[in-house]
Amino acid sequence: MSLLTALVALAADPVPPSSSSGPGPGGASARHHHNQGQPFTGWPLGDLEAPGALLAAAASLARRAANGDKELIFMATGSDANSLSVTNNSLVTLATLGLRRHVMLLADGWQTCEVLRAVLYGPCFWSSRMLRRQPADSITLRKFWDFRFRFYYIKKKYMALLVEGGYAVLQADTDTVWMHDPFRMLRLMRDASLVIMRDVGIANAGVVYARPGSMSALRLLDEVAWRVQLLQNHPEIVARIVPFARPPYYANSDDQTILDDVLVSAVLRNRTFLGSTARFEASTRYKPAGPKWDLLPDARLLRAARVAFWRAARYPGMTIPWLNGTLPDGCGGQRYADGAFGATTARCGRASRVQSFPAFGLGSSSDLVGIAPRALFALMPYSDLNAVTHLTAARGFSAKKARLKQIGKWFVEEREAPADEPPRGG
């Protein structure tokens, strides 16, 4: 049995032939010897770094909405069997909504695309710009380097380039369950060109939506990508950012904590590295020689910045379009906590059709960044009323698979693979 199996659900949502007609591993002409005689367009070798390839691939996959948005889902996967199974499972739930054909799937290399092309009906892409090995010797990379770090920069950079190219992009990790088309709600949130999943701290970098908007919004995406690659490649730069930092530098390059700091920077119009960089150069289990964070003035500044950030929020209401004013099956007056901002919303009936969400102004424009209501992007616990549920709290492949089986959303056949191997990519 192959590591992945062709899934029946995908047949209901086939990718149009034109979507996979580009040369290389991403398209139908990949078998042509050395790609000789191919058009000087498309995505040669499936490499999104080829001139014009990223936007050409996006044009072949995006859905044109009635409001003019060119909608695209952007996902990434590692090469191991567990990562591919989790990715495949997510694609099945996307197929049930007719969204599978609009997924730009980024693999960790052309070899992985060769495997995916054999078992999934649709294009696969990779990037020759992606890191192949650990780029520097920071504490972060020494302790935690795995395939996830190869994607942190490239996902956010490509997302910024796609938005700059006119696309409305929903970047999502592969450990997600899709129950409703999230674009139906995102189209209603016209004042916010950025909508991000809520998590501990501020945001979850695993589910981020962006449409063409202000330069401030585009700069926010670019800033996240810039900080990730800066700290991955040049950990010594920490000494110029954090006065108390001493080598060896932790040089945190996790995209989620960096996203939090960039959001605060954009909303308060004052660039800060306190939460994502300075805090990790203080004493931790991995860097015990640093000063105690709580005793540093930086800790007080971070708390003050977070308070100022949340005070800047406004709370517009948003209709949940997939409820349509009717009672979903199984409704019995249950209630669930909206983890995004502490409110409690009725699960069933008309009262659950509207949720508020925090939104923040960006720069001098009228553009907003919104923290998504739970009905749109949710962490666990799972509810079939939420459009996208992210299983980030289930750590490792075995935990994710068990949770998906528990809620009846595991669709991939069993196959031989190490049960404790973590999914890679995202």
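Under a 5 Å amide H cut-off, with hydrogens placed 1.01 Å from N, M104 pairs with I73, F74, M75 among residues at least 5 apart or on other chains.
With R₀ set to 22 Å, the beta-carbon distance separating R395 from I237 gives a calculated FRET efficiency near 0.10. Taking amide hydrogens as modeled 1.01 Å from N in the peptide plane, which residues meet the under 5 Å criterion relative to I320, leaving out close sequence neighbours? Under 5 Å from the amide H of I320: V354, Q355.
Reachable lysines from K287, Cα under 30 Å, same-chain residues fewer than 8 places away excluded? Filter leaves K143, K155, K156, K157. Taking label positions 7 Å along the Cα-Cβ direction at both R129 and Y315, the computed distance is 4.0 nm, reported to one decimal. Here the Karplus relation 6.51 cos²θ - 1.76 cosθ + 1.60, evaluated at θ = phi - 60°, turns the backbone of region 145-157 into coupling constants of 3, 8, 5, 4, 5, 5, 9, 3, 6, 5, 5, 6, 5 Hz, with x for every Gly and Pro.
A simple charge model with +1 on the Cβ of Lys and Arg, -1 on the Cβ of Asp and Glu and nothing else charged puts the dipole of region 100-179 at about 140 debye relative to its Cα centre.
Every number here is computed from the coordinates shown, using simple stated rules; none is lab data. What you see is a predicted model, and the numbers here were worked out from it, not measured in a lab. A quick note on method: Cβ atoms are made from the backbone with ideal geometry, for glycine too, and the neighbour counts reach across all protein chains shown.
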